[in-house]
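Asker: Have a look at this one before I ask anything.
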Amino acid sequence: MIIVLKQNTDEKQLAHLTDWLTSHDLDIQTIKGSHSTVLGLVGDTSSVDIELLEALDIVESVKRIQEPYKKANRKFHPDDTVIKVGDTTVGGGTFTIMAGPCSVESEEQICSIAQSVKESGATVLRGGAFKPRTSPYAFQGLRADGIDLLIEAKEKTGLPIITEIMDLSQLPLFDNVDIIQVGARNMQNFELLKALGKTDKPILLKRGLAATISELLMSAEYIMAGGNEKVILCERGIRTFETATRNTLDLSAIPVLKEKTHLPVIIDPSHATGIAAMVKPMSLAAVAAGADGLIIEVHNDPRHAKCDGAQSITPDSFDTLAKQIHTLHGIVKEMY
Ligand code: PEP
Ligand code: MN
(Lines give C-alpha, C1' and ligand atoms only; values in the text may rest on other atoms or scores of the structure.)
(Ligands and ions follow the chains in the order given, each with its own letter.)
Protein backbone atom coordinates (compact mmCIF):
# COMPACT_ATOMS: atom_id res chain seq x y z
CA MET A 1 0.00 0.00 0.00
CA ILE A 2 1.23 3.48 -0.86
CA ILE A 3 0.20 6.65 0.99
CA VAL A 4 0.90 9.99 -0.66
CA LEU A 5 0.99 12.81 1.91
CA LYS A 6 -0.10 16.38 1.35
CA GLN A 7 2.55 19.08 1.04
CA ASN A 8 3.87 20.66 4.24
CA THR A 9 2.73 17.79 6.42
CA ASP A 10 2.29 18.55 10.09
CA GLU A 11 5.04 16.53 11.86
CA LYS A 12 2.87 15.74 14.88
CA GLN A 13 0.08 14.31 12.74
CA LEU A 14 2.65 12.33 10.73
CA ALA A 15 4.06 10.86 13.95
CA HIS A 16 0.51 9.78 14.95
CA LEU A 17 0.02 8.15 11.57
CA THR A 18 3.32 6.25 11.62
CA ASP A 19 2.65 5.04 15.19
CA TRP A 20 -0.76 3.79 14.09
CA LEU A 21 0.69 2.01 11.05
CA THR A 22 3.47 0.35 13.04
CA SER A 23 0.86 -0.83 15.54
CA HIS A 24 -0.61 -2.80 12.59
CA ASP A 25 2.77 -4.60 12.22
CA LEU A 26 3.63 -2.69 9.08
CA ASP A 27 7.09 -1.47 8.06
CA ILE A 28 7.12 2.03 6.67
CA GLN A 29 9.48 3.12 3.94
CA THR A 30 9.48 6.87 3.55
CA ILE A 31 10.39 8.58 0.29
CA LYS A 32 10.79 12.33 0.68
CA GLY A 33 10.43 14.21 -2.61
CA SER A 34 10.95 17.93 -3.11
CA HIS A 35 7.18 18.52 -3.04
CA SER A 36 5.56 15.60 -1.34
CA THR A 37 6.30 12.61 0.85
CA VAL A 38 5.26 9.05 0.04
CA LEU A 39 4.94 6.24 2.59
CA GLY A 40 5.35 2.70 1.29
CA LEU A 41 3.80 0.12 3.62
CA VAL A 42 5.32 -3.34 3.72
CA GLY A 43 3.41 -6.17 5.39
CA ASP A 44 -0.16 -7.48 5.55
CA THR A 45 -2.38 -4.47 4.91
CA SER A 46 -5.62 -6.44 4.64
CA SER A 47 -6.94 -5.05 7.94
CA VAL A 48 -6.07 -1.44 7.08
CA ASP A 49 -9.10 0.75 6.41
CA ILE A 50 -8.32 2.73 3.24
CA GLU A 51 -11.25 5.14 3.67
CA LEU A 52 -10.04 6.00 7.15
CA LEU A 53 -6.55 6.81 5.86
CA GLU A 54 -7.93 8.85 2.97
CA ALA A 55 -9.99 10.93 5.39
CA LEU A 56 -6.92 12.08 7.34
CA ASP A 57 -5.97 15.76 6.94
CA ILE A 58 -2.37 14.97 5.98
CA VAL A 59 -3.19 12.30 3.38
CA GLU A 60 -3.50 13.17 -0.31
CA SER A 61 -4.24 9.67 -1.65
CA VAL A 62 -3.88 5.97 -0.88
CA LYS A 63 -3.30 3.13 -3.32
CA ARG A 64 -3.59 -0.55 -2.58
CA ILE A 65 -0.96 -2.58 -4.40
CA GLN A 66 -2.16 -5.99 -3.32
CA GLU A 67 -5.76 -7.24 -3.14
CA PRO A 68 -7.25 -7.49 0.37
CA TYR A 69 -8.18 -11.15 -0.23
CA LYS A 70 -5.43 -13.67 0.42
CA LYS A 71 -6.91 -17.16 0.52
CA ALA A 72 -8.96 -16.68 -2.64
CA ASN A 73 -6.07 -14.97 -4.44
CA ARG A 74 -4.38 -16.80 -7.28
CA LYS A 75 -1.10 -15.02 -6.49
CA PHE A 76 -0.77 -17.10 -3.32
CA HIS A 77 -2.29 -20.28 -4.77
CA PRO A 78 -1.43 -20.54 -8.47
CA ASP A 79 -3.03 -23.96 -9.06
CA ASP A 80 -6.76 -24.28 -9.70
CA THR A 81 -8.80 -25.50 -6.74
CA VAL A 82 -10.49 -28.81 -7.48
CA ILE A 83 -13.48 -29.68 -5.28
CA LYS A 84 -14.71 -33.21 -4.81
CA VAL A 85 -18.48 -33.60 -4.71
CA GLY A 86 -19.74 -37.19 -4.42
CA ASP A 87 -18.08 -39.11 -7.25
CA THR A 88 -17.46 -36.02 -9.34
CA THR A 89 -15.09 -33.06 -9.17
CA VAL A 90 -15.63 -29.36 -9.80
CA GLY A 91 -12.81 -27.33 -11.34
CA GLY A 92 -9.37 -28.26 -12.65
CA GLY A 93 -10.32 -28.82 -16.30
CA THR A 94 -13.53 -30.78 -15.70
CA PHE A 95 -16.90 -29.38 -16.76
CA THR A 96 -19.75 -29.71 -14.26
CA ILE A 97 -23.40 -29.45 -15.18
CA MET A 98 -25.75 -28.92 -12.27
CA ALA A 99 -29.40 -29.13 -13.29
CA GLY A 100 -32.87 -29.39 -11.84
CA PRO A 101 -35.94 -27.32 -11.06
CA CYS A 102 -35.90 -23.88 -9.51
CA SER A 103 -37.83 -25.34 -6.59
CA VAL A 104 -38.70 -28.78 -5.34
CA GLU A 105 -42.47 -29.15 -5.77
CA SER A 106 -43.29 -32.81 -5.13
CA GLU A 107 -41.69 -36.23 -4.88
CA GLU A 108 -42.81 -37.14 -8.38
CA GLN A 109 -41.50 -33.88 -9.85
CA ILE A 110 -38.02 -33.92 -8.29
CA CYS A 111 -37.45 -37.65 -8.77
CA SER A 112 -38.47 -37.66 -12.42
CA ILE A 113 -36.43 -34.54 -13.25
CA ALA A 114 -33.45 -35.99 -11.35
CA GLN A 115 -33.61 -39.20 -13.37
CA SER A 116 -33.84 -37.42 -16.71
CA VAL A 117 -31.09 -34.84 -16.08
CA LYS A 118 -28.84 -37.65 -14.87
CA GLU A 119 -29.43 -39.61 -18.07
CA SER A 120 -28.58 -36.47 -20.06
CA GLY A 121 -25.25 -36.01 -18.29
CA ALA A 122 -25.86 -33.71 -15.31
CA THR A 123 -23.60 -34.63 -12.40
CA VAL A 124 -25.29 -32.56 -9.67
CA LEU A 125 -29.03 -32.15 -8.99
CA ARG A 126 -30.27 -28.67 -8.09
CA GLY A 127 -33.57 -27.81 -6.42
CA GLY A 128 -34.64 -25.01 -4.11
CA ALA A 129 -36.26 -25.93 -0.80
CA PHE A 130 -35.98 -22.48 0.81
CA LYS A 131 -36.90 -19.92 -1.81
CA PRO A 132 -35.98 -16.23 -1.67
CA ARG A 133 -39.02 -14.69 -3.40
CA THR A 134 -39.60 -11.00 -4.03
CA SER A 135 -43.20 -11.32 -2.89
CA PRO A 136 -44.12 -12.79 0.49
CA TYR A 137 -47.28 -14.17 -1.17
CA ALA A 138 -45.33 -16.21 -3.75
CA PHE A 139 -44.46 -19.89 -3.20
CA GLN A 140 -41.80 -19.97 -0.48
CA GLY A 141 -40.60 -23.53 -1.09
CA LEU A 142 -41.31 -26.82 0.66
CA ARG A 143 -38.58 -25.95 3.18
CA ALA A 144 -37.51 -28.95 5.34
CA ASP A 145 -39.81 -31.29 3.36
CA GLY A 146 -38.13 -30.06 0.17
CA ILE A 147 -34.72 -31.07 1.52
CA ASP A 148 -36.09 -34.53 2.42
CA LEU A 149 -37.39 -34.93 -1.14
CA LEU A 150 -34.02 -33.89 -2.58
CA ILE A 151 -32.33 -36.50 -0.39
CA GLU A 152 -34.78 -39.07 -1.67
CA ALA A 153 -33.95 -38.10 -5.29
CA LYS A 154 -30.26 -38.36 -4.41
CA GLU A 155 -30.76 -41.87 -3.00
CA LYS A 156 -32.68 -42.95 -6.11
CA THR A 157 -30.27 -41.52 -8.69
CA GLY A 158 -26.93 -41.27 -6.91
CA LEU A 159 -26.68 -37.60 -7.93
CA PRO A 160 -25.19 -35.26 -5.32
CA ILE A 161 -27.52 -32.38 -4.45
CA ILE A 162 -27.21 -28.60 -4.22
CA THR A 163 -29.77 -26.41 -2.49
CA GLU A 164 -29.91 -22.89 -1.07
CA ILE A 165 -29.58 -21.92 2.58
CA MET A 166 -31.29 -18.66 3.50
CA ASP A 167 -30.62 -18.47 7.20
CA LEU A 168 -28.15 -19.83 9.72
CA SER A 169 -30.95 -21.55 11.65
CA GLN A 170 -31.47 -23.90 8.67
CA LEU A 171 -27.93 -25.30 8.78
CA PRO A 172 -28.78 -28.50 10.77
CA LEU A 173 -31.08 -29.52 7.89
CA PHE A 174 -28.13 -29.49 5.46
CA ASP A 175 -26.23 -32.51 6.84
CA ASN A 176 -27.01 -34.66 3.80
CA VAL A 177 -26.76 -31.85 1.27
CA ASP A 178 -23.60 -32.05 -0.86
CA ILE A 179 -23.21 -28.40 -1.91
CA ILE A 180 -24.74 -25.51 0.03
CA GLN A 181 -25.82 -22.63 -2.18
CA VAL A 182 -25.61 -19.06 -0.93
CA GLY A 183 -27.99 -17.08 -3.09
CA ALA A 184 -27.38 -13.69 -4.67
CA ARG A 185 -29.38 -11.94 -1.95
CA ASN A 186 -27.24 -13.44 0.79
CA MET A 187 -23.82 -12.89 -0.77
CA GLN A 188 -23.05 -10.30 1.88
CA ASN A 189 -24.77 -11.99 4.82
CA PHE A 190 -21.45 -12.07 6.64
CA GLU A 191 -22.68 -13.99 9.70
CA LEU A 192 -23.97 -16.73 7.39
CA LEU A 193 -20.69 -16.76 5.45
CA LYS A 194 -18.68 -17.03 8.69
CA ALA A 195 -20.82 -19.96 9.87
CA LEU A 196 -20.39 -21.72 6.52
CA GLY A 197 -16.65 -21.19 6.88
CA LYS A 198 -16.80 -23.49 9.89
CA THR A 199 -18.43 -26.34 7.91
CA ASP A 200 -16.61 -28.72 5.59
CA LYS A 201 -19.22 -28.61 2.84
CA PRO A 202 -18.56 -27.17 -0.62
CA ILE A 203 -20.29 -23.79 -0.91
CA LEU A 204 -21.62 -22.36 -4.16
CA LEU A 205 -21.48 -18.61 -3.65
CA LYS A 206 -23.61 -16.58 -6.04
CA ARG A 207 -22.67 -13.07 -7.02
CA GLY A 208 -25.02 -10.44 -5.57
CA LEU A 209 -27.35 -8.50 -7.86
CA ALA A 210 -25.26 -5.36 -7.54
CA ALA A 211 -21.96 -6.76 -6.32
CA THR A 212 -18.58 -6.12 -7.90
CA ILE A 213 -16.19 -8.95 -8.60
CA SER A 214 -13.98 -7.77 -5.72
CA GLU A 215 -16.97 -7.90 -3.36
CA LEU A 216 -17.71 -11.44 -4.52
CA LEU A 217 -14.11 -12.41 -3.80
CA MET A 218 -14.20 -10.76 -0.38
CA SER A 219 -17.33 -12.80 0.43
CA ALA A 220 -15.50 -15.96 -0.68
CA GLU A 221 -12.66 -14.85 1.61
CA TYR A 222 -15.10 -14.74 4.56
CA ILE A 223 -15.89 -18.43 4.06
CA MET A 224 -12.25 -19.36 3.46
CA ALA A 225 -10.96 -17.35 6.41
CA GLY A 226 -13.10 -19.60 8.66
CA GLY A 227 -11.24 -22.66 7.36
CA ASN A 228 -13.52 -23.87 4.56
CA GLU A 229 -11.64 -23.48 1.29
CA LYS A 230 -14.20 -25.38 -0.80
CA VAL A 231 -15.82 -22.37 -2.45
CA ILE A 232 -17.34 -22.41 -5.94
CA LEU A 233 -18.13 -18.99 -7.42
CA CYS A 234 -21.26 -18.41 -9.48
CA GLU A 235 -21.99 -15.56 -11.87
CA ARG A 236 -25.79 -15.34 -12.26
CA GLY A 237 -26.26 -11.97 -13.92
CA ILE A 238 -26.18 -8.52 -12.41
CA ARG A 239 -28.58 -5.57 -12.42
CA THR A 240 -27.95 -3.09 -15.19
CA PHE A 241 -30.09 -0.54 -17.02
CA GLU A 242 -30.96 -3.23 -19.61
CA THR A 243 -34.44 -4.70 -19.29
CA ALA A 244 -34.51 -7.09 -22.27
CA THR A 245 -33.28 -9.87 -20.00
CA ARG A 246 -34.00 -10.46 -16.29
CA ASN A 247 -30.37 -9.61 -15.46
CA THR A 248 -27.26 -8.99 -17.54
CA LEU A 249 -24.92 -11.96 -17.72
CA ASP A 250 -21.42 -10.68 -17.06
CA LEU A 251 -19.49 -13.16 -19.18
CA SER A 252 -16.28 -11.21 -18.76
CA ALA A 253 -16.46 -12.11 -15.07
CA ILE A 254 -15.19 -15.55 -16.14
CA PRO A 255 -11.76 -14.47 -17.44
CA VAL A 256 -11.50 -11.80 -14.73
CA LEU A 257 -12.15 -14.38 -11.98
CA LYS A 258 -9.89 -16.94 -13.63
CA GLU A 259 -7.05 -14.44 -13.42
CA LYS A 260 -7.74 -13.25 -9.88
CA THR A 261 -8.65 -16.51 -8.16
CA HIS A 262 -8.00 -20.25 -8.20
CA LEU A 263 -11.63 -21.05 -7.26
CA PRO A 264 -13.92 -22.76 -9.81
CA VAL A 265 -16.36 -20.52 -11.71
CA ILE A 266 -19.88 -21.67 -12.58
CA ILE A 267 -22.38 -19.78 -14.73
CA ASP A 268 -26.13 -19.67 -14.15
CA PRO A 269 -27.67 -18.77 -17.54
CA SER A 270 -31.21 -19.29 -16.20
CA HIS A 271 -31.32 -16.51 -13.59
CA ALA A 272 -29.01 -14.39 -15.74
CA THR A 273 -31.46 -14.16 -18.63
CA GLY A 274 -34.84 -15.20 -17.21
CA ILE A 275 -35.75 -16.57 -20.65
CA ALA A 276 -35.67 -20.28 -21.52
CA ALA A 277 -34.67 -19.65 -25.16
CA MET A 278 -31.56 -17.78 -24.04
CA VAL A 279 -30.24 -20.56 -21.83
CA LYS A 280 -28.61 -22.36 -24.76
CA PRO A 281 -26.66 -19.44 -26.29
CA MET A 282 -25.49 -18.21 -22.90
CA SER A 283 -24.49 -21.73 -21.80
CA LEU A 284 -22.39 -22.21 -24.92
CA ALA A 285 -20.89 -18.73 -24.51
CA ALA A 286 -19.95 -19.58 -20.92
CA VAL A 287 -18.20 -22.76 -22.07
CA ALA A 288 -16.31 -20.78 -24.71
CA ALA A 289 -15.30 -18.13 -22.17
CA GLY A 290 -13.65 -20.74 -19.93
CA ALA A 291 -16.22 -21.47 -17.19
CA ASP A 292 -15.83 -24.62 -15.08
CA GLY A 293 -19.50 -25.47 -15.22
CA LEU A 294 -23.13 -24.43 -15.45
CA ILE A 295 -26.17 -24.52 -13.19
CA ILE A 296 -29.32 -24.79 -15.29
CA GLU A 297 -33.00 -24.79 -14.34
CA VAL A 298 -34.88 -27.74 -15.86
CA HIS A 299 -38.61 -28.40 -15.34
CA ASN A 300 -40.81 -31.16 -16.74
CA ASP A 301 -43.74 -28.73 -17.05
CA PRO A 302 -42.32 -25.20 -17.15
CA ARG A 303 -45.71 -23.58 -17.77
CA HIS A 304 -47.00 -24.87 -14.45
CA ALA A 305 -43.78 -24.45 -12.47
CA LYS A 306 -44.26 -22.86 -9.05
CA CYS A 307 -41.21 -20.69 -9.60
CA ASP A 308 -39.17 -19.44 -12.57
CA GLY A 309 -41.06 -21.37 -15.25
CA ALA A 310 -40.22 -18.79 -17.93
CA GLN A 311 -36.53 -19.50 -17.65
CA SER A 312 -36.76 -23.27 -17.18
CA ILE A 313 -35.94 -25.56 -20.08
CA THR A 314 -37.56 -28.96 -20.59
CA PRO A 315 -35.73 -32.25 -20.01
CA ASP A 316 -35.67 -32.78 -23.81
CA SER A 317 -34.04 -29.40 -24.49
CA PHE A 318 -31.62 -30.06 -21.66
CA ASP A 319 -30.68 -33.41 -23.17
CA THR A 320 -29.74 -31.76 -26.48
CA LEU A 321 -27.98 -28.87 -24.75
CA ALA A 322 -25.94 -31.09 -22.41
CA LYS A 323 -24.52 -32.94 -25.43
CA GLN A 324 -23.67 -29.67 -27.17
CA ILE A 325 -22.01 -28.37 -24.02
CA HIS A 326 -19.79 -31.43 -23.73
CA THR A 327 -18.90 -31.33 -27.44
CA LEU A 328 -17.95 -27.66 -27.19
CA HIS A 329 -16.04 -28.14 -23.95
CA GLY A 330 -14.02 -30.93 -25.60
CA ILE A 331 -12.85 -28.41 -28.20
CA VAL A 332 -12.47 -25.40 -25.94
CA LYS A 333 -10.54 -27.05 -23.11
CA GLU A 334 -7.48 -27.43 -25.33
CA MET A 335 -7.47 -23.66 -25.78
CA TYR A 336 -7.17 -22.69 -22.10
C1 PEP B 1 -31.90 -19.96 -7.38
O2 PEP B 1 -30.84 -20.52 -7.70
O3 PEP B 1 -32.99 -20.53 -7.44
C4 PEP B 1 -31.85 -18.55 -6.96
C5 PEP B 1 -32.84 -18.01 -6.26
O6 PEP B 1 -30.78 -17.93 -7.40
P7 PEP B 1 -30.24 -16.42 -7.20
O8 PEP B 1 -29.79 -16.32 -5.78
O9 PEP B 1 -29.11 -16.36 -8.19
O10 PEP B 1 -31.36 -15.49 -7.54
MN1 MN C 1 -34.90 -19.95 -9.81
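Asker: What Kirkwood radius, in Å to one decimal, follows from the Cα pairs of region 37-86?
Answerer: When all Cα pairs of region 37-86 are included, the Kirkwood radius is 13.7 Å.
Asker: Still on this structure, please answer the following. Per the Kirkwood formula on distinct C-alpha pairs, the Rh of region 2-63 is how many angstrom?
Answerer: The answer is 11.7 Å.
Asker: Ok, one more. Which peptide among 283-296, 12-25, 196-209, 72-85 comes first, and what is the full order, when sorted by highest mean count of other Cβ atoms within 10 Å?
Answerer: Result, highest mean Cβ count within 10 Å first: 283-296, 196-209, 72-85, 12-25.
Asker: Please provide three numbers in whole Å: the alpha-carbon extents of region 176-275 along the principal axes, with the largest listed first.
Answerer: Projected onto the principal axes, the Cα atoms of region 176-275 cover 40, 29, 21 Å.
Asker: Additional query: So what is the orientation-averaged projected area of region 251-306, using the convex hull of its C-alpha atoms, in nm²?
Answerer: 4.2
Asker: Let me ask you something else. Based on the mean of other Cβ atoms within 10 Å per residue, sort peptides 125-132, 93-100 so the most packed one is first.
Answerer: By packing density, highest mean first, the sequence is 125-132, 93-100.
Asker: Share of region 181-253's accessible area from carbon and sulfur, percent, 1.4 Å?
Answerer: Ligands and nucleic acids excluded, carbon and sulfur reach 53 percent.
Asker: Once the other residues with Cβ under 15 Å from the Cβ of residue 19 are scored (Lys, Arg +1; Asp, Glu -1), what is the net sum?
Answerer: The answer is -3.
Asker: Right, here's the next one. Please compute the net charge surrounding residue 108, taking Lys and Arg as +1 and Asp and Glu as -1 over other residues with Cβ under 15 Å from its Cβ.
Answerer: -4
Asker: Counting alpha carbon pairs within less than 8 Å and at least 6 residues apart, what relative contact order, in whole percent, applies to the chain?
Answerer: Relative contact order here is 16 percent.
Asker: Something else: Using +1 on the beta carbon of Lys and Arg, -1 on that of Asp and Glu, and nothing else charged, what's the dipole of the chain about the Cα centre, debye to 20?
Answerer: 460
Asker: Past the 18 Å Cα-Cα mark, which pairs from 84/201; 154/201; 70/230; 206/230; 84/156? Spell out each step's value before the answer.
Answerer: On the way: 84/201 10 Å; 154/201 16 Å; 70/230 15 Å; 206/230 14 Å; 84/156 20 Å.
Pairs exceeding 18 Å: 84/156.
Asker: Using only DSSP helix segments of four residues or longer, with each worth -39500 (n - 2.57), what per-residue ellipticity at 222 nm results for the chain after dividing by its residue count and rounding to 500?
Answerer: That calculation yields -9500 deg cm²/dmol at 222 nm.
Asker: Using the Kirkwood radius over C-alpha pairs as Rh, can you work out the diffusion coefficient of the chain via Stokes-Einstein at 20 °C, viscosity 1.002 mPa s, in µm² per second?
Answerer: 100
Asker: Just for region 62-186, what percent of DSSP beta bridges are antiparallel, to the closest 5?
Answerer: 25
The values are calculated or read from the model by the stated rules, or taken from the named source; none is laboratory data. Treat the numbers as computed from the prediction; the structure is a model and nothing was measured. Cβ sites come from the backbone with ideal geometry, for glycine too, and all protein chains shown count toward neighbours. These accessible areas exclude ligands, DNA and RNA; they are computed on the full protein's heavy atoms, side chains included. Shrake-Rupley method; radii C 1.70, N 1.55, O 1.52, S 1.80 Å.
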